[in-house]
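The values are calculated or read from the model by the stated rules, or taken from the named source; none is laboratory data. These figures come from a predicted structure and were not determined experimentally. Every residue, glycine as well, gets a Cβ built from its backbone with ideal geometry; the counts of neighbours run over all protein chains shown.
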Amino acid sequence: MRWLFCFIAGFLAVFCFHQPALGLLNAAGIVPIAPFSLTPTAPFGVPSVVSGAFFGGLWAIVMIAVLNRLGSALIWLKAALFGGVALTSVALLLVFPLKGYPFDVAQLPGRFMIGFVLNALWGIGTIVFLRVLPR
């Protein structure tokens, strides 16, 4: 049952932390991607934001399993670093190439910084929801 709460927390963190931050970056002209995209994704055709939230839920389970082994001290910082570093690295090195995005070393620092901010907020948001969701 505990892992279900982790999944729900990560799922909600995408909608309440990651996507609003993406909206702010989009409004500022920093990223061309609009938040809360309903564009269908392959292979099942679910909206992009729902797919992202699903994977946010799965990553939350992984993050909490890792954080449990590291201890609860500085949990907010650890969650931000896990989201910012682990998720961004997987996205840039694995997911983007699988989706056909070109790997451009010149764009890597900027993409990493943007991904770090978005995914660190997701990590913090996941901890927020874990703390406020009823058990």
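Out of (1) over 17 Å from I8 (Cβ atoms); (2) surrounded by fewer than 18 Cβ atoms within 10 Å (Cβ to Cβ); (3) in contact with a Phe, Trp or Tyr (Cβ under 6 Å, 6 or more places away or on another chain), the odd one out for L133 is which?
(1)
Can you pull out the residues in segment 78-103 that are under 24 Å from C16 (Cβ atoms), of a type in the set (G, A, S) and free of Cβ contacts under 8 Å to residues at least 40 places away in the same chain?
G84, A86, S89, A91
Quick check on segment 39-82: of everything there that is touching a Ser or Thr at 6+ places or on another chain (Cβ under 7 Å) and surrounded by 15 or more Cβ atoms within 10 Å (Cβ to Cβ), which residue is nearest to L130 (Cα to Cα)?
Filtering first and then ranking leaves A60.
Yes or no: L12 aliphatic (A, V, I, L, M) and surrounded by fewer than 18 Cβ atoms within 10 Å (Cβ to Cβ)?
Considered against the rule, which asks whether it is aliphatic (A, V, I, L, M) and surrounded by fewer than 18 Cβ atoms within 10 Å (Cβ to Cβ), L12 comes out as no.
Cβ-Cβ distance below 9 Å, separation of 6 or more or different chains: which pairs start in segment 59-77 with a residue that is on the phi > 0 side of the Ramachandran plot and end on one that is at pLDDT 95 or above and part of a helix (DSSP H, G or I)?
Listed by first residue and then by second, the contacts come to G71/K78.
Could you grab me the full set of residues in segment 22-35 that are of a type in the set (A, V, I, L, M, F, W, C) and surrounded by fewer than 20 Cβ atoms within 10 Å (Cβ to Cβ)?
Selection gives L24, L25, A27, A28, I30, V31, I33, A34.
Scan segment 14-48 for residues that are part of a loop (DSSP other than H, G, I, E, B), free of Cβ contacts under 8 Å to residues at least 40 places away in the same chain and under 24 Å from L98 (Cα atoms) and report the count.
14
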